[in-house]
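Reviewing the structure listed below.
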Amino acid sequence: MDAAMEEGAYQQLLEGVADHALFMLDTEGCLSMWPETAQQFYGYDPGNAVGRRLDVLFAEERGEPPSVEDLLAEAKDGPVEIDNWHERADGSVFWGSCTLSPLSNGADDGYAVIVQDTTTRKQHERMLERQNDRLKEFTDILSHDLRTPLGIIDGRLELFRESGEGEHLTAIEETTDRMERLVEDLLRVARQGQVVDNPEPTDIGSLLEIAREGALPATATLRYDSVPRMMADPDRLVQVFENLLRNSVEHGGDSVTVRVGPLRDGFYVEDDGPGIPEGDRERVFDHGHTTREDGTGYGLSVVRSIVGAHGWDVSVVAADHGGARFEITGIEFVTGE
C-alpha cells in the first residue's frame, strides 16, 4: 500500500470512531492531521489546529502539563498512555486518557494519538476516595470526641456513688445529651458524603430560591449571576446552599449581602461579612470546628461532604470586598439542550 492509500485508509478509520478524538502528530509533536472527530471533540477547526504542538490541548491551569518531548521520546519504543486535564476551544476542560503510538513505519513517520474523555470515571474515583477519607475521619472523631464525655460520665458516676448528690446525675444527663447530638451530626454528615450515583442536569438558580427561603432573613440580600447547568443531585445541592447562606448570616448578620456566580469550572458563594482569617481557612470544613459558642461546627463539614460526593472541590478565600468566598470547582457544565 503506497503512502497516499495508507493515509486515506487511516483517514477513514479516524472518521469512523465517533466517541474518541483521533489525530496525528509529526516527529516534532505538532498536529499534522486533524479529522472531523478531533474537530468535534475539541472544537478547533483544522486551520487553528494543524501545525500547533500537542500541548495546546492540555489545560495548563489544572497543573503542569506533560512534556511533549518526553512523551515523544518514550513513544518511540511503543504506545504511551498518559492521563491529564485537557482543554477545549471554548475553555471547558475534561480529564482525558491520551495514547501516543508510533506509526507503522516507525516514529520517523510521526505518531497516531487517541484521546478519550474519562472525566466521569475520574470523578467517580475521586468520590470514592473522598468517601473513604470521610469514613476514616469519622472513626477518628468517634474515638476522640466520645472518649471525653464517656470519661466525664464515668467520673460523675463515681462521685455520685460516694456522695449521692443529685448534681452529678444532672451533669451525666447533660453529657449524654451532648453525645447524642454529636452522633446525630456525624450520621448526617456521613449520609451526605455518600457518592452521588444518579446526577441530573441541574439549574442552581432555582435551587437558590428554595434555599434562601429557609436560610436568609428578609433583610438579607442575595445576588445571583447565572451559572451554567451542571450534573448534580438537586436535593443535596440545596443543602449546600442552605448551609453556606446560614454561615453568611451567622457571621455577617441579618443584613448580609450574598453573591453567587460562575467560575471557569464551577461557581462561588461569597458574602460581605467579616471574612475568615487566613489561618482558619484550612480548618473551617473540619467536623466540629466553630468560632461561635452556640455553633455546632457541622454546617461547613456537610458542605464539604456533599461537594466531595459529587467529585468536586471546595475551598475558601477572601472575597474582594473582605468577606468569605467559597469556591466550588472541578465541575463539568452541561452543554447543549
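Could you run through region 226-276 and say how many residues are of a type outside the set (A, V, I, L, M) and more than 17 Å from the chain's Cα centre (by Cα)?
Total satisfying the criteria: 21.
Among the numbered criteria (1) surrounded by fewer than 21 Cβ atoms within 10 Å (Cβ to Cβ); (2) at pLDDT 85 or above; (3) in a helix (DSSP H, G or I), which one does Glu61 miss?
Condition not satisfied by Glu61: (2).
Can you tell me how many residues within region 197-229 are among the acidic types (Asp, Glu) and more than 24 Å from His251 (Cα to Cα)?
Going through region 197-229 one residue at a time, the tally reaches 3.
How about region 321-335: which of its residues are of a type outside the set (A, V, I, L, M, F, W, C) and farther than 13 Å from Ile276 by Cα?
Within region 321-335, Glu327, Thr329, Gly330, Glu332, Thr335 qualify.
Residues of region 255-283 being in a strand (DSSP E or B) and over 27 Å from Thr219 (Cβ atoms), which ones?
Within region 255-283, Leu263, Gly266 meet the criteria.
May I ask you to list the residues in region 225-257 that are surrounded by 15 or more Cβ atoms within 10 Å (Cβ to Cβ) and among the hydroxyl-bearing types (Ser, Thr, Tyr)?
Ser248, Thr257
Within region 80-96, identify whether any single residue is modelled with pLDDT under 90 and more than 22 Å from Asp265 (Cβ to Cβ), and answer yes or no.
Within region 80-96 (the criterion being modelled with pLDDT under 90 and more than 22 Å from Asp265 (Cβ to Cβ)), the answer is yes, since at least one residue qualifies.
Only one of these conditions is not met by Asp313: (1) at pLDDT 85 or above; (2) surrounded by fewer than 19 Cβ atoms within 10 Å (Cβ to Cβ); (3) out of contact with any Gly (no Cβ under 6 Å at 6 or more places or on another chain). Which number is it?
With (1) at pLDDT 85 or above; (2) surrounded by fewer than 19 Cβ atoms within 10 Å (Cβ to Cβ); (3) out of contact with any Gly (no Cβ under 6 Å at 6 or more places or on another chain) applied to Asp313, the lone miss is (3).
Tell me, which residue of region 196-224 that is closer than 21 Å to Gly323 by Cα and touching a residue at least 40 places away in the same chain (Cβ under 8 Å) is surrounded by the fewest Cβ atoms within 10 Å (Cβ to Cβ)?
It comes out as Leu216.
Any chance you could count how many residues in region 1-54 are closer than 19 Å to Ser101 by Cα, modelled with pLDDT of 85 or more and assigned to a helix (DSSP H, G or I)?
2
Take the residues of region 109-149 that are assigned to a helix (DSSP H, G or I), over 15 Å from the mean Cα position of the chain (by Cα) and of a type in the set (Val, Ile, Thr): which is modelled with the highest pLDDT?
Residue satisfying both the conditions and the ranking: Thr148.
Does Arg126 satisfy the criteria of being under 14 Å from Phe41 (Cβ atoms) and not polar (S, T, N, Q)?
no
The values are calculated or read from the model by the stated rules, or taken from the named source; none is laboratory data. A quick note: this is a predicted structure, and the numbers were derived from the prediction, not measured. All Cβ positions, glycine included, derive from the backbone under ideal geometry; neighbour counts span all protein chains shown.
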